[in-house]
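**Student:** Just dropping this structure here.
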Amino acid sequence: MSTFDDPFDASLNLSRSGCVCGQHRSADEHERAALALRCEPVAREEKSEERCYEGVVASAVMRAMFPKDAARRAFLKSVGASTALAAISQFFPLRTATEAFAEAGTPEKKDLKVGFIPITCATPIIMAAPLGFYAKHGLNVEVVKTAGWAVIRDKTLNKEYDAAHMLAPMPIAISLGLGANAIPFTVPAIENINGQGIALAMKHKDKRDPKDWKGMKFAIPFDYSMHNYLLRYYLAEHGLDPDTDVQLRSVPPPEMVANLRADNIDGFLAPDNICQRAIYDGVGFMHILSKEIWDGHPCCSFAASREFITTSPNSFAALTRAIVDATAYASKAENRKQIAEAIAPANYINAPVTVLEQVLTGTYADGLGGVKTDAKRVDFDPFPWQSFAVWMLTQMKRWGQIKGDVDYKQVAEQVYLATDTRKVMTEMGLAPPATSYKSFSVMGKSFDPEKPDDYLASFKIRKAS
């Protein structure tokens with residue numbers, strides 16, 4: 001079952017939605033929806049927020065009444081959505097519930113600052129400003145473009161930012177006190193899945209076998225990043241020790257292309273818009289997409305401190321809803337070109353729209369004269385799987401960032417807020433996964449989150465403990 005589905009659609013197994021409210025498959029269907037199920041953009045009608053809440057409440061009631069998809073579909077086919085809504089209204093006080101739902105979560109702070117790095121991984125956080133998702137959820141959010149990950153971390157820890165775009169492993173590292181004082185941090189939402197790549201300088205176009213990369217210099221965005229762990233994993237699977245056979249350097253993503261052009265590095269594993277900019281500028285080519293290493297991997301996250309959640313719970317909840325809402329919109333392919341235009345300006349990503357379209361639509365130049373298409377080059381799904389966190393912890397241990405024993409599940413469940421996010425998403429009328437852990441495969445090697453130590457022990461190349 002998809003996260004973004006429409007329980008009032010009798011024709012489908014619950015599937016991804018495509019309107020700004022996350023309730024319908026397309027903008028046209030959004031416009032045709034019954035009045036109580038509509039959720040129009042704020043700019044178009046004053047009562048849009050109220051209608052959005054009506055849709056959320058009605059959707060939640062429908063799911064509770066018909067947990068089995070077949071029964072829901074049969075019921076809707078027999079009576080129609082409007083009749084179904086009228087029937088439900090006779091037995092459940094939708095109006096009262098809607099008003100209570102709308103009033104219960106008044107934000108303690110409406111004016112918030114959220115830091116971000118100018119990369120497509122931050123798409124939901126960035127686009128939520130120009131496309132009105134923050135305003136829709138009662139917030140006035142300033143998204144602040146930031147130079148690098150250490151700056152993001154420090155400004156968030158210093159409370160200059162209320163919340164931030166962070167690399168998915170960063171809140172784990174901050175919570176464990178790796179590279180800074182230990183401060184409890186959380187991941188209520190994943191920003192993107194896939195959406196990275198290994199790009200090489202043009203002079204290496206004949207070096208496609210990683211075994212030939214000994215002595216080369218590679219850039220990664222940050223030590224505590226999926227980029228670091230995926231690049232190390234890829235190199236090690238090809239027989240190279242990333243600590244002795246190559247050089248890895250932390251370079252802020254906006255500076256990577258310039259470093260590639262200046263011959264300071266031979267390549268990088270970076271967000272796709274950085275890879276695509278290197279191709280656009282003629283200084284690099286795409287060696288491999290990150291989804292070819294691990295299809296469905298997380299990259300970046302929406303992160304907030306435990307203190308912010310405790311002191312401003314309603315602001316935090318509204319911020320989470322806005323980002324989940326934006327993620328639902330970004331998950332639909334038909335919205336990607338509009339999003340590319342919205343996030344391209346200098347105060348956001350500062351990139352040609354063409355570059356961002358190639359990333360978000362999945363049809364892109366590879367830098368070697370070819371044009372490739374992969375609709376899942378990047379995707380957006382907010383659910384913070386705790387098994388993602390367990391995998392990251394195994395790699396932190398593998399490469400010596402964590403010394404000694406670690407309680408994988410305890411850390412994962414303290415930082416990755418799957419249970420809380422599941423509740424928020426359910427209240428929004430979405431369909432989050434029923435579990436918080438899942439198995440997956442990385443370069444053909446299965447990962448079982450129930451056996452992290454066995455997984456870690458299976459690697460021949462690792463930093464000596």
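The values are calculated or read from the model by the stated rules, or taken from the named source; none is laboratory data. Keep in mind that what you see is a predicted model, and the values were worked out from it rather than measured. Because the Cβ atoms are built from the backbone with ideal geometry, glycine has one as well, and the counts that use them run over all protein chains shown. Side chains included, ligands, DNA and RNA excluded: accessible areas come from the protein's heavy atoms. Shrake-Rupley method; radii C 1.70, N 1.55, O 1.52, S 1.80 Å.
**Student:** Give the residues of the stretch 307-320 that are over 19 Å from N158 (Cα atoms), surrounded by 24 or more Cβ atoms within 10 Å (Cβ to Cβ) and of a type outside the set (G, A, S), sorted by residue number.
**Tutor:** Correct list: L319, T320.
**Student:** If I go through the stretch 373-384 residue by residue, how many of them are closer than 16 Å to I198 by Cα and without any contact (Cβ under 8 Å) to a residue 24 or more places away in the chain?
**Tutor:** Count: 0.
**Student:** Only one of (1) surrounded by fewer than 18 Cβ atoms within 10 Å (Cβ to Cβ); (2) out of contact with any strand residue (DSSP E or B) (no Cβ under 8 Å at 6 or more places or on another chain); (3) not hydroxyl-bearing (S, T, Y) fails for F440. Which number is that?
**Tutor:** (2)
**Student:** Continuing with this model, one more query. So T106 clears everything in (1) open to solvent by 30 Å² or more (accessible area, probe 1.4 Å); (2) under 26 Å from I323 (Cβ atoms); (3) modelled with pLDDT under 80 except one condition, right? Which one?
**Tutor:** For T106, the exception is condition (3).
**Student:** Then there is this: Determine whether K145 is modelled with pLDDT of 95 or more and more than 25 Å from F380 (Cβ to Cβ).
**Tutor:** It is false that K145 is modelled with pLDDT of 95 or more and more than 25 Å from F380 (Cβ to Cβ).
**Student:** Continuing with the same structure: I'd like to know if the stretch 354-368 contains one or more residues that are in a strand (DSSP E or B), open to solvent by less than 20 Å² (accessible area, probe 1.4 Å) and at pLDDT 95 or above.
**Tutor:** There is at least one residue in the stretch 354-368 that is in a strand (DSSP E or B), open to solvent by less than 20 Å² (accessible area, probe 1.4 Å) and at pLDDT 95 or above.
**Student:** Of everything in the stretch 380-411, what is open to solvent by 10 Å² or more (accessible area, probe 1.4 Å), more than 30 Å from A326 (Cα to Cα) and among the polar types (S, T, N, Q)? Give them in sequence order.
**Tutor:** Once the filter is applied, which keeps residues that are open to solvent by 10 Å² or more (accessible area, probe 1.4 Å), more than 30 Å from A326 (Cα to Cα) and among the polar types (S, T, N, Q), the stretch 380-411 yields only Q401.
Conditions tested, residue by residue: (1) in the same structural domain as G132 (by the TED database); (2) touching a strand residue (DSSP E or B) at 6+ places or on another chain (Cβ under 7 Å).
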{"residue": "H227", "(1), (2)": "no, yes"}
{"residue": "Y233", "(1), (2)": "no, yes"}
{"residue": "D245", "(1), (2)": "no, no"}
{"residue": "Y280", "(1), (2)": "no, no"}
{"residue": "H287", "(1), (2)": "no, yes"}
{"residue": "F316", "(1), (2)": "yes, yes"}
{"residue": "R321", "(1), (2)": "yes, no"}
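**Student:** Sticking with this one: Can you tell me which residues in the stretch 273-287 are open to solvent by less than 20 Å² (accessible area, probe 1.4 Å) and assigned to a strand (DSSP E or B)?
**Tutor:** Within the stretch 273-287, G284, F285, M286 qualify.
**Student:** Another one. Filter the stretch 261-272 down to the residues that are open to solvent by 10 Å² or more (accessible area, probe 1.4 Å) and either part of a helix (DSSP H, G or I) or under 20 Å from G370 (Cβ atoms) (or both) and list them by number.
**Tutor:** If the condition is that a residue be open to solvent by 10 Å² or more (accessible area, probe 1.4 Å) and either part of a helix (DSSP H, G or I) or under 20 Å from G370 (Cβ atoms) (or both), then R261 is the only one that fits.
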